[in-house]
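What follows is a single structure, written as structure tokens, with notes after it.
The values are calculated or read from the model by the stated rules, or taken from the named source; none is laboratory data. Note that the coordinates shown come from a computational prediction; the quantities given were computed from them, not determined experimentally. All Cβ positions, glycine included, derive from the backbone under ideal geometry; neighbour counts span all protein chains shown. Only protein heavy atoms, including side chains, enter the accessible area calculation; ligands, DNA and RNA are left aside. Shrake-Rupley method; radii C 1.70, N 1.55, O 1.52, S 1.80 Å.
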Amino acid sequence: MNPIQAKDRPVYFSPRRLAHSNQFVSDYVKACDFYRDVFGFAEAYRQPDNLASFLSNGNTYHDFALIDLRSHYAPEGQKPGLNHLAFEVESEAALVESYKRAVADGIGPMRAADHDVAHSIYMRDPDGNAVEFYADVVEDWEEARKGIIIKQKPKWEPGVTNVPDARCLVNPHPRLKRLEGALVQGKRVTHIGLSVRDFDAMFEFYTTVAGLKTYFGDRSGPCVLLAGSASTGDIALIRQAQAPAGMHHVGVEVWSERDLDAAMRGAERLGATIVREVNHASRRAVSVADTDGLVMQLYVDRDWRPEVIASASEEDLPYLL
Ligand SMILES: [Fe+2]
């Protein structure tokens, strides 16, 4: 696909927040067990025909999708890493309205998908990462998405198949599960850090097509943190000339600093690798690599304000944002 070009800084999808990380893993069954035992995320449903497991503690219909490299979704030569990142939009009507404006302005290519509980639009950012914008279309996705699911996806043509629902169906106060017995009790996926190749184009895309606002930093600095309307940070763009473009880390909020202590003590015994701990006034974060080398930034906020974050060192920032 070609890079997406926005004209004159109009704003399009303007999501509420980042909602899930969809990632390729070398073995989805082993990864599912590992994410349960180490990070404390429960499998909500599984698609054995797609070799995919979907994990959620009740925040969204899945916070993680773990897709096997042997799945038909994995292109030839695919390595473990990001398949796509997904943003939650206020309503289906808002999603369709943004999509129509984006089509009219020549943004794309885009494709639409019906996931029963959500309607989605997919495209690529200028670095080539796949990005999804979706809206919940049912109130009770927990009921609809559990166990083993094998089914064809229906066709959805935005604004044509059905009259878009204008209601916001996101539960603002979901009941979140804690997985007792896991090393770390993960709460929810909140953000993704991206190692960026074309910083200016990526900043432009995420602030215009995605419509995020700057929460910390600026486009001339080493890192910038961008946020949706219901978030304090969804995408960290990390300027790293040496690293390949793509996922730097997935941000995983945990329940308490005791979980971070547990990660420091026990993650390596379970096959993970501690990458870095950042102990800062704004946030404490422990970055842990899974068995495929994908980095989960486990964190608890202390005083998460831009003026507090500003005292972090340039070396710590990629592991703090
Ligand atoms: Fe997705």
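Over all directions, the average projected area of the alpha-carbon convex hull for the chain comes to how many nm²?
It is 15.4 nm².
Hey, rough spin-label estimate for D37 and V275, points 7 angstrom out along Cα→Cβ, what's it come to in nanometres?
2.2
Might you report the magnitude of the Cβ-based charge dipole of region 17-140 about its Cα centre, with Lys and Arg at +1 and Asp and Glu at -1, to the nearest 20 debye?
Dipole magnitude for region 17-140 comes out near 400 debye.
Which entries in K155/K177; K30/K177; K155/K187 show an alpha-carbon gap greater than 24 Å?
Listed pairs above 24 Å: K155/K177; K155/K187.
Order the peptides 271-278, 141-148 from the highest to the lowest mean number of other Cβ atoms within 10 Å of their residues.
Result, highest mean first: 271-278, 141-148.
Dipole size in debye (nearest 20) for the chain around its Cα centre, Lys and Arg Cβ +1, Asp and Glu Cβ -1?
100
Highest first, please rank the peptides 294-307, 171-184, 29-42 by the mean number of other Cβ atoms sitting within 10 Å of their residues.
Listed from highest to lowest mean packing, they are 29-42, 294-307, 171-184.
Highest mean first, how do 151-158, 125-132 rank when packing is the count of other Cβ atoms within 10 Å averaged over residues?
Top of the packing list down: 125-132, 151-158.
So what J values fall out for region 139-144 if you push phi through Karplus, 6.51 cos²θ - 1.76 cosθ + 1.60 with θ = phi - 60°, rounded to Hz, Gly and Pro as x?
Using θ = phi - 60°, the values come out as 7, 10, 6, 5, 5, 7 Hz.
For a quick check: with amide H placed at 1.01 Å from N, whose amide H comes under 5 Å from G233's, ignoring anything fewer than 5 positions away on the same chain?
When sequence neighbours closer than 5 places are left aside, the close amide H contacts are G228.
Run the Debye formula on the Cα coordinates of region 5-140, all scatterers equal and no solvent, and tell me log10 I(q)/I(0) at q = 0.17 1/Å.
Log10 I(q)/I(0), no solvent term: -0.95.
How much area per residue is accessible in the chain when the probe is 1.4 Å and only protein heavy atoms are counted (Å²)?
43
Please work out the Cα center distance from region 50-104 to region 210-264, rounded to the nearest Å.
18
Using the 2.2 N^0.38 Å rule of thumb for compact globular proteins, work out how region 186-320 stacks up: its C-alpha Rg over that value, please.
Taking the Cα Rg and dividing by 2.2 N^0.38 Å, one obtains 1.02.
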